[in-house]
Structure formats: structure tokens, C-alpha cells
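Everything below concerns the one structure shown next.
What follows is calculated from the coordinates using simple rules that are stated; it is not laboratory data. Computed from a prediction, not measured in an experiment: that's the story for all the values here. Using ideal geometry, Cβ is built from the backbone for each residue, glycine included, and neighbour counts are taken over all protein chains shown.
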């Protein structure tokens, strides 16, 4: 029986590896941009067509490559980042596996142009399906320009699993956002089908967040900064009132590498405990700087998962740092008992002047009922209560009380007669049920078993809801279009989602 185990050809092995490294066009974008960052570029251009299915081109002004390096970068496990096994625990670069370029070249048509600063001519290499078609000297700008055409052209089954252009473009935008946030000092541009999507000049982290997500994020950010002997934490969190019902704007970076960690995400949510409504999630962009020897980043092909030596300590530091930042900027309510016990220090003491009561002058001999009217012209009209003259008592004063008492008895008798004349059966009629209004908010209605309290606003909303629901069912509702169109500003990711939801409408980019 012949032997059945044999080595796979490099082209087949690269295609298998591409299934882990390059899952969609966004994966290739991530690998290429990270290589440009490791090359020391401060300006990176990303050009895509058909959401990366037809073309992905990355142009940078980095260090470039020599003729030999340009050829070696497409070999499997060829890397400039590590030399021995110990280097895996001291990695601060973005890429290190040496599989990305080989995997991409196995499933696409690749053209590479690169030139170093000290070289006069550059190198141009064309590869198709792991096969080098040409390598020659060419005129090129300093840095590297790599074009990936017809991704998954030789693996049609994998290409069929790709989503629509809008969905794939959203993945590309997400990858660019993560890299742009991790490196705000680098200038990024993104063009899709000839249209500029992003123009991000080098700036600070806060300005980069505003450029990516909108100008209204300027008032939503709360800075976080904490330095310990375990980690150094910095970044921003969003104010609780701006929390959303989706997890989209949540970013964790460890040594400037984007990661996904549910455990650390829970630490941030615990810091927002009792500040957020249910089913809402805050914005945060947090950077963790940690010793590379205390983490292991070689646990996932896409390098988005990391293991820590002491993750419980990191959890506690993140939770306390975020919570303290929220309290420092008066986001969380707090009680200062020391301040309450010394209220007298809050008010500036003001010297109190002596209060002098006002004085009046009056003529004690003035009598308005005096007939002789011989009073001085300049005498005031005030007098004391002890000088009032008693007036004569009327002769029939005792009959006044009898008249008042008789009127009250008559009114009471009429009221009792009216109460007795009411028919009890008429009160039970629903048509004559009496309604009362309380505080202009509630309606009190009488029923057989007691009374019913109705909220006016809730009842009105329910009546309108049932009316509109009936109109929708009967197709009898009418609507009026706006006289003038309204402009809605969206970020690039939401704009791609809108185009997916409204394919029949005309949309223009930002």
C-alpha cells in the first residue's frame, strides 16, 4: 500500500492560511495598513473599488523595501519583526506572523511598487495566485504602493460568501477607524469608487474622534488618565446621557493594538453602573500601555484577542479610573458631607448695620367726627387707638342676629328639599355619570364598584394610537410631504448602512 501522507504545495497551504487571515476585503485592508504603520509612514492613502472586491490599494510614504525584501515579503513566515522565540514577548509592532502577504498573494492579483529613500529606482513585482509573474526595476515614489485586484478570484466559493458592497464597505470603514484611532498622528485618506470618504489629518486623539464620528462628539467626551505600576490608562469615555443602544463606538487598545475583550468591557460598564438606562451602552476609546512580557498576543490569527498575566488587577484599575473620571467631571452625583457641616464657610459674611425702626408723628387731639373742624392744616391724620370715641349703639341691634339665623334656616331647608327630591335611579344612569378633574392631569369617574382614575395624557395617546392604527389597517391615512428637503448628517459607517436600507433612493456621501 503506497504512502498517503504528503506535503502540501505552498500555493495550497497559502490558500488555507488565507481562510484564517483574510476573511473578507476588510481583513486585507487591516494587514496592509498595519504594514505601512510598521514601516514608519506618516501618510497613508487607501483606495478601494466595489468595496474592495475589485481593487484595494494602499499607498504610504514609509521606509520602503529593497529588491530582496520586496521578493521575500511574499514568502510564508517571512518577517522582519522577530528573530527568536523570546521576541514574541517583546512585540510592539502591529504585524509579526509573516503570513499576511503570502496569504493575500495566494488569492488575488497583487502588484507591489516600493522604493527606499537611499535608492534611485524602485522595484515592481507582479504576483498572481502565489506565482511571481514579473519583477523589474521601475520609477516609484518613496515608500510602498501595493494593489490587490480581484480578491478571491481563484476561490469562487469563498467569494460567494461575501456580502453586498455596502456591508463590506462598512467592515472596511470599521477597520480604518480602529487604526486611525490608534494612530491619530498619521494622516489617513479613504476613497471609494472615486469618492473621498475620509480625510483625516494628523492631530490629537480627541480631534481624531471628532473627525471620525462628528462635531457633536466634542461635548460628549470625558478624559480618562491613570498611571500605575501595572498599566498606564488613557483615553476618553462618553457621558451617560449620550449612551446608545448599540455597541458600535467602543474601542480598547493594548499597546496601540485594537482588541476585543468582554471582561474589560464589563469593567467599563460597572463604572457606569446606575448611571445608564437598561440596554444602553456608553462610548469609550481607551488605551492600555502594558509591558509586552506580561501579555500574549499570539493567541488568535487576527490578533484581536490577548491573554494577561493579571487580568483581575487590570479590571479593577479600569473600573476605578473610569468611575473617578466620571466623578471628577461632575458626571456622577455625590454628597460632600464636610461641605454640608460647614455651610457657614460657603457664604461670605456681610457686616450687618443696626436696624432702626421708622418713626411717625401724629396728633392725638385729631377727631374726624368733630363738627367744629378747627384742626390745624398741617396736622397729620394719625391718632392712637386709645383716643377713639365710642359711637352710640343702635336701638334695634338684637334683631340683626335673628334675621341672619332665619336666612340660614331657610337656605338649609331648601337644600334638604332639593336633596330629597333627587331620584336615586337617575344617578345610576351611565349617561349622567359625573366626571371630576384633579390637578388638570387626572379624570375621576364613578363606577359601580367604586371609582376609576384616568391619566389624561395616557388616555389621549391611546386614543390617537388606536385611531392611527385603524387608519393603517384601512389604508385611509394621509400624510403631507415636507415643502423643503431636510439634510441629515451621518458618519461614514452609518451612511453605508443607510444606502443598504434604502437602495432605491438617491444618496450623496458626506
Practice item. Neighbouring Cβ atoms within 10 Å as the yardstick, rank 67, 285 fewest first. Key: 67, 285
Point to revise | Square roots of five times the Cα gyration tensor eigenvalues for the range 165-304, Å | key: 24, 20, 16
Revision key, fill the gap. Taking the alpha-carbon centre of each part, the distance from the range 223-256 to the range 472-498 in Å is 34
Review point. So how compact is the range 10-202: Cα radius of gyration and Dmax in angstrom?
Key: 15.8, 45
Exercise for review: Quickly work out the residue 273-to-residue 454 label distance, labels modelled 7 Å from Cα along the C-beta direction, and quote it in nm with one decimal.
Suggested key: 4.5
Practice item. Would you give the gap between the C-alpha center of the range 170-222 and the C-alpha center of the range 21-84, rounded to a whole Å? Key: 20
Practice item. Pull out the extension gain between residue 82 and residue 228, defined as 0.36 nm times the separation in residues minus the alpha carbon to alpha carbon distance; nm, one decimal. Key: 49.7 nm
Check your understanding: Per Stokes-Einstein, at 20 °C and 1.002 mPa s, what whole-number D in µm² s⁻¹ belongs to the range 225-276, with the Kirkwood radius over Cα pairs as the hydrodynamic radius?
Key -> 171
Exercise for review: Highest first, please rank the peptides 463-471, 74-82 by the mean number of other Cβ atoms sitting within 10 Å of their residues.
Suggested key: 74-82, 463-471
Check your understanding: What distance in nm separates the simple spin-label points at residue 196 and residue 5, each placed 7 Å from Cα in the Cβ direction?
Key -> 5.8
Practice item. Rank-order 113-121, 145-153 by packing density, defined as the average count of other C-beta atoms within 10 Å over each peptide's residues, highest first. Key: 145-153, 113-121
Exercise for review: Work out how much length residue 359 to residue 43 would gain on full extension: take 0.36 nm times their residue separation and subtract the Cα-Cα distance, in nm to one decimal.
Suggested key: 105.2 nm
Practice item. Work out, step by step, the length gained on full extension between residue 12 and residue 164: first 0.36 nm times the residue separation, then minus their alpha carbon distance; give nm to one decimal. Key: 52.0 nm
